[in-house]
Every structure is written in C-alpha cells, then in structure tokens.
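The values are calculated or read from the model by the stated rules, or taken from the named source; none is laboratory data. Only a predicted model underlies this, so the values are computations on that prediction, with no experimental measurement involved. As a convention, Cβ positions derive from the backbone with ideal geometry for all residues, glycine included, and neighbour counts pool all protein chains shown.
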Amino acid sequence: MPNLPPDSRATLLLVDDEPEILVALTDLLEEEFRVLTAPSGAAGLALLAAEADVHVILSDQRMPEMAGDAFLARARAISRAEALLLTGYADLEAVISAVNLGRIAGYAPKPWEPAALLSMVRGAVERYRLARALETERALLQGLLASSADALSFKDAEGRFVRLNGVKAAALGRAAPAACLGLDEAALLPPEAAAPLRAAERAALDAGHAVEAVEQRQEGGAAPRWVRVTRIPIHDATGATTHLATIEHDMTEQRALEERLHQAEKMQALGTMAGGVAHDFNNLLTAILGSLELLSHSGLSDPRQQKLVKNAIMAAERGSTLTQRLLSFSRKRELQLRATDVNQLVLDMDELLLRSIGQAELCRALAPALWPAMVDPEQLGLALLNLCINSRDAMPEGGRITIATRNAAVGEEEVPDLPAGDYVILAVCDTGEGMPPAVMAQAFEPFFTTKEVGKGTGLGLSMVYGLTRQSGGTAALRSAPGQGTVVELFLPRAGQAVEPARPGHAPPAAPPRAVTVLVVDDDAGVRGVTATFLADLGHRVIEVADGEQALRLLAGGEEEIGLLVSDVTMPGMGGAELAARAREILPALPVLLLTGYAGVQPVPSGHPLLRKPFRLGDLARCITGLLAGAPPEEGGGAQPKP
C-alpha cells in the first residue's frame, strides 16, 4: 500500500469490488477530498488499521466475501469515521442492517446523482469534524475538572449544578460530583451563607461578564479561609446568558505568606528605626549616667542630694535596660553565639525566676539528652525571664508556669520562616487568660502591649523574637482566650559540645601607668564624660571631634599618645576605619572602641568594644586590661539588675 503524504483535506475511504466504480467515485471526489480506495472489505479494514484519521467511509453493499453492512460493522470497532452505503433500490434490508450494525449516516442508490452524493459526503465530513471537536472539548473539560486544585462548577441560570469537579463536591460534603448534579448550591448552605451566594451569582449574571471577588469563609469552628471566586456568565448563540461558571481558588496560604512578608517588612523598618533610636538614646544616657556618677563621687554632703542622684542613676540604668531590648529587637546588638546547655541555663536561673514570678507555681519539663543550642546564653536568660514575667502578669490570681525543653527535627516548611534542620526548643507555658487572635497577630511587634499604661514597654516579646531570628531560629506562639499561652523558641542545634566556663581575668594587682589618651567622639556630651572619667583615673586626655583631626594629631608626633578611645559611629570616618588607619601610623597603639550598638560598621579584630552607656568601673576595667596587655574582651555598659 503506497504511503500517502499528509493532507489537510478530509480523508475518504472508498470500498468497492468494481474498479470502474472506484474510478468514477474518485473522479467525483478527489478534487475536494483526499481519497483512499480498497477493492474489498478486508482490504478496507487493513487500510483503516494503518490510517490514523479517516473522516468518511463510502462502501458498496454487494461485495464478494464480505458485504458492505458486515464490513461497516467491523469498521466501527476500529474507526470513528462516518459511514455511507452505496446500494441498489432492492437492498433495503441491507440498509437496515447497516444502520443497526454499522451505524451508517446515510445511503445512496446506484446509479447515484453526483451533486446529491457530493452533498451527502460533505455533510458526513462536517458531522465527523463536529463530533471530534465535541470530543476534544469534552476531554479538555473533563481533564480540567479532574486535575484542577481549584473548585470548579457550572450551573444553569437557576443555580443548579450541571457540571462540577471533585474538589467542589468535597467542599460541599459530597463523595462524588454526580451526587451534586441538579442541586441548588445555595440550598445546601446555611441561611447566612446562602443569601450572599445568591446575590453574588445574580450580580454576575446581570453584569454579563466575569466578576472576581475575594470572600472570607468559615465553616463551623474551623479557622477562616480566604477564597478568590471568579464567576463567568456563559452565553448561547443568541447572546442570552444560560449558565454560570465558577472558579474558586483557596488563597488562605497565599494570604498568610503575604501577611508574613508584610510583617517581616514592617519589623525590618521598625528594627532600623529602633536601632537608630537606641544609638542616640545610648549617647544621651552615657552623658547623663556619667555626669551623675561624677556628681556622686564629688563628695555630696547632703543626704537628700545623695538620694536624688542615686534615684537618677537607677532611672538611667532602667533606660539602659530599655535600649538593650530595643537593640535585641532590631538585631543591631551583636550576639555572642556559642554552644549552650539550655537545661543548665534554666536550672541556673531557678532562684531569679522564683523571685520574679510571685505567687505563680514554677514547673519544669526538661528533656534528657538535650542537644546544645547555638545562642547567646546571656540574652537567652533575659528572654526566659521576660517570658516568665509575661506569664506571671497574665495570671494575676496565680497559676502555673511550665518551662519545657525538647529536641526537634524540623522539616521543610513545617514551621513558617524556619529552614529545615535540628533545633532545640525552649517553651514557656502558662495557665493564664490567653490571647484572642487579634492580640496574637501583634504580639511580636515592638511597643505593642496589653498592659496598663506604665506597666509594660511592649518590648518583651519583640526582644525574644529578635533574639531567636538573629540566632538563626524563630519564635512561635500558641494561645486562645481562657486556654493559656505557649511561647516556643526554636534555637539552632550547635555543631560542637558546650565549652566549660572559663574563669574571668583577674584584675591587675596595681593600677596601670598613666598615659596620654586621645578621645574621639562627635558627641560633645559623651566625649566630655569619657574625658572626665579618664582624668579621674589619672590619665592625661586630649579630645577631638572626628577621625581626621585624630589622624593628623597621631601623624604629627608632637604628642606621645598611649591609648586611643573612639566612638564607632561618627559622621565621615567611623571608629573602625580610624582604628585601622591609626594602627598604620602606630602599630602598637592600644585602641578601645565605644558603641551605642554594634553591627552597622565592621569592627577590626583585636579591639575591645565597650557599650554605651558605661560606668566608670566598666571603662577602668577595659583600660586596665588594654594597658596591661590582656586579651581584648567586649565590655558591657550598665546592665539590668535582677
């Protein structure tokens, strides 16, 4: 059988045992159609098996070995082609058999009238193409309904289902789509949901075009869901609206992701603001606290004045505690991350926690064989204290606070915004009044508090959140009104064992020699307090306001500078750059850096760092160690008192 080239025209198969008939039919049809011929029913079946797409079969009835009706009946099993029968006037029984067995679409007598036969073939070709197009559309629709994760449905103008997929049926509590056909969806819903549905569908039908809306839905006691619903009116050939297609896309997870992104952006903006506020506030506190301390050392004779100065110092120290929380939230304070035994940290804080939670009962559920966590233990202790105080405040009549630990292997996307991996979980649970959803949504935001004015800063939970995020973990909150609150801190598992505590450096036996100290700070108040502290320690002090002046003085060599004390953050040249360039001039020059927060500018290794606000004793310890050649350590300013 010859291979025929592909042809976009409809393909006809002519089957007749008389060659003259085949030639005559071919002459009539080949100008408009692609024509294949077969001299017998068997040959026709073989050709059908080889040809992928035959549109119409035109077969003679009277053929040896296999009659036309028998051939068409067998052809129906392997081809969807339209069938036409050629027969004489006396072969009506054969026509009836062909209709029953071969499902012929028509027949023509012999001899045929050319125009009538051509019209019959054209009609059969058109029916074939319409049937295939309908099959394609049906397959596409069925595939869309079956594979779509969205709820899809088609309704008539009265709201009754004519088609729907399994997702939609399941949402209505039905096992299969067939159980919903012919039903009015609004009748399946409670009245408070049925009325809005009818109104939305009527509005879409009246509009005559697609209408999209985001709807909030809540079934029973389940959490609310957000669904984007697109309703599309379907028109008939006259333009009348006959059906309504509905596409329902559950966007609850998308909304949650958008909310988390918005929250992260807001927290980042607030963190930047908080870091800047804390830096400026620490400069003010340094001047205030330093001046008060100098005043207290000036020999006040009046006990009332001494008490007032002492109260002012305590207030300044509370301000310092507040800035530490701001810095922890904003991540501007560099954490000293190290392998930490969280269970031991909880046990070490036993006395402090019991003293802080009042009449509440303290329980522990510490997991044995707990992994070490990579965290700043001092900041974690402060976070734990904050959480316990929050729990205490949520239980004014007393209750139970449980501190629990456990190991957890977290999978991908198991906890929002947390990479998969091993984590140590520290949880604080209370039996307090709990939080409604609106309060939970804002609980980690800075300055948000439900406490009375003057009884809370709103920085406790935000500081905890900042600590966990900066450590590479996160914090999670579970609560409901009347069911207490659980705060879980996810802390990354440390890759090494916990190092034993090292004894601190013993202070030198004698004060260091007096040197000339170059103090560099753009804030005149801080610079003055620092210079006065150094003078009280017996040193000669030179003050300058910026790095350029300091470098000129060092390069001039007119003064023998024995120590450089510089602020980290200054306009133009920062302290880090100044320290590096000063070491190029005097390689052995000791340098002490002062900062309101760390992390904005890189600090060269080998330089100790003293945080503002600092006390005279803090400054004295750092300088003593520097001039004595002790290893540099980061120094802290005024710390919160338990």
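Side notes on the structure shown:
- Here GLY173 passes the criteria (1) touching a helix residue (DSSP H, G or I) at 6+ places or on another chain (Cβ under 9 Å); (2) at negative phi except the one numbered (2).
- Scanning the range 547-589 for residues that are surrounded by fewer than 22 Cβ atoms within 10 Å (Cβ to Cβ), assigned to a loop (DSSP other than H, G, I, E, B) and touching a Leu at 6+ places or on another chain (Cβ under 9 Å) returns GLU559, ILE561, GLY562, MET570, MET573, LEU586, LEU589.
- Some residue of the range 179-187 being over 26 Å from GLY143 (Cα atoms) and surrounded by 15 or more Cβ atoms within 10 Å (Cβ to Cβ): yes
- Long-range neighbours under 9 Å by Cβ, at least six apart or interchain, first residue over 30 Å from GLU559 (Cα atoms) and in a loop (DSSP other than H, G, I, E, B) within the range 492-519, second modelled with pLDDT of 70 or more and aromatic (Phe, Trp, Tyr): ALA494/TRP371
- As a summary of the residue check, GLU253 satisfies the conditions (1) at pLDDT 85 or above; (2) assigned to a helix (DSSP H, G or I) except for the one numbered (1).
- One residue alone among LEU366, LEU380 is surrounded by 15 or more Cβ atoms within 10 Å (Cβ to Cβ), more than 21 Å from LEU461 (Cα to Cα) and either assigned by TED's automatic domain parsing to the domain that holds ALA475 or of a type in the set (S, T, N, Q) (or both), and that residue is LEU366.
- Matching residues, the range 38-69, being outside any helix (DSSP H, G or I) and either of a type in the set (A, V, I, L, M) or under 60 Å from the mean Cα position of the chain (by Cα) (or both): ALA38, GLU51, ALA52, ASP53, VAL54, HIS55, VAL56, ILE57, LEU58, MET63, MET66, ALA67
- Selected residue [modelled with pLDDT of 80 or more, farther than 19 Å from ASP376 by Cβ, not charged (D, E, K, R) and not in a helix (DSSP H, G or I)] from GLY458, GLY482, GLY472, GLY454: GLY482
- Where a residue in the range 366-382 is of a type outside the set (Val, Ile, Thr) and its partner, wherever it lies, is surrounded by 22 or more Cβ atoms within 10 Å (Cβ to Cβ) and in a helix (DSSP H, G or I), with Cβ under 6 Å and at least six apart: ALA373/VAL342; GLN379/LEU467
- PRO377 of a type outside the set (A, V, I, L, M) and within 17 Å of ALA494 (Cβ to Cβ): yes
- Looking at the range 331-425, the strands (runs of 3 or more DSSP E) lying wholly inside it that each contain 3 or more residues that are polar (S, T, N, Q) sit at 400-410.
- Qualifying residue in the range 382-396 (condition: of a type in the set (A, V, I, L, M), in contact with an Asp or Glu (Cβ under 7 Å, 6 or more places away or on another chain) and over 17 Å from GLU488 (Cβ atoms)): yes
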